[in-house]
């Protein structure tokens, strides 16, 4: 694949969704902005998956694959980063990566004698997934950036095309909406105890 070299005049504050649409229309500068915006997170994701993989190779392959998908009418819709993480995970999995070795001397560090019932964890995860699906896509995206990626509202603002204060206000509403949706899902369980968890 030929190497693409782009010069960026200045960083953009356009949201990912618009940059993706422009890339789909053939604007390579828009894709370069996505690359600059998300490359550091991509490298961090590769390092988090495996210390044996070369971040440069995996990131380059992921971005090339995403560009190809966008050009062919597929690829991410709306936000870029979750799609990018999925691409990195898939490439790492096919690159023969494996979990880090654990020394048997350290195995007790991972033992947890009072581990919770796995069915409770599954029920909680299912309730959360159901609740998330009822939220507007913008709220889900914001919650992903803040809660999963640990980003600050000021860092999310340019990704969503909003001011940091508007992001903070939207985050408040999204968290409140998620809380209400979770409680509604928990109330629909066949039998629920006072904590909202289903009893078995």
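I want to confirm something. Restricting to region 127-160 and keeping residues that are within 22 Å of residue 42 (Cβ to Cβ) and loosely packed, with under 14 Cβ neighbours inside 10 Å, which single residue is nearest to the chain's Cα centre (by Cα)?
148
How many of the residues making up region 62-75 are over 16 Å from residue 17 (Cβ atoms) and crowded, with 18+ Cβ neighbours inside 10 Å?
So the answer is 3.
Residue check, residue 162 against (1) modelled with pLDDT of 85 or more; (2) over 30 Å from residue 36 (Cβ atoms), all met but one. Which one?
So the condition that residue 162 fails would be (2).
If you take the residues in region 45-81 that are part of a helix (DSSP H, G or I) and touching a residue at least 60 places away in the same chain (Cβ under 8 Å), which one is farthest from residue 146 (Cα to Cα)? Give the derivation first.
Narrowing region 45-81 to residues part of a helix (DSSP H, G or I): 45-49, 55-71, 81.
So of that shortlist, the ones also touching a residue at least 60 places away in the same chain (Cβ under 8 Å) come out as 64, 81.
Values: 64: 27, 81: 13 Å.
Here the answer is 64.
Evaluate region 111-132: report whether one residue or more is at pLDDT below 85, under 30 Å from residue 33 (Cβ atoms) and not assigned by TED's automatic domain parsing to the domain that holds residue 83.
Taking region 111-132 first, the residues at pLDDT below 85 are 111-132.
Narrowing the set further to residues that are under 30 Å from residue 33 (Cβ atoms) leaves 132.
Add one more test, that the residue is not assigned by TED's automatic domain parsing to the domain that holds residue 83, and what stays is 132.
For region 111-132, residues at pLDDT below 85, under 30 Å from residue 33 (Cβ atoms) and not assigned by TED's automatic domain parsing to the domain that holds residue 83: present.
Would you mind stating whether residue 55 is closer than 21 Å to residue 155 by Cα and surrounded by fewer than 20 Cβ atoms within 10 Å (Cβ to Cβ)?
Working: closer than 21 Å to residue 155 by Cα: no; surrounded by fewer than 20 Cβ atoms within 10 Å (Cβ to Cβ): yes.
It is false that residue 55 is closer than 21 Å to residue 155 by Cα and surrounded by fewer than 20 Cβ atoms within 10 Å (Cβ to Cβ).
The values are calculated or read from the model by the stated rules, or taken from the named source; none is laboratory data. As the structure is a prediction and not an experimental result, all values here were calculated from the model. As a convention, Cβ positions derive from the backbone with ideal geometry for all residues, glycine included, and neighbour counts pool all protein chains shown.
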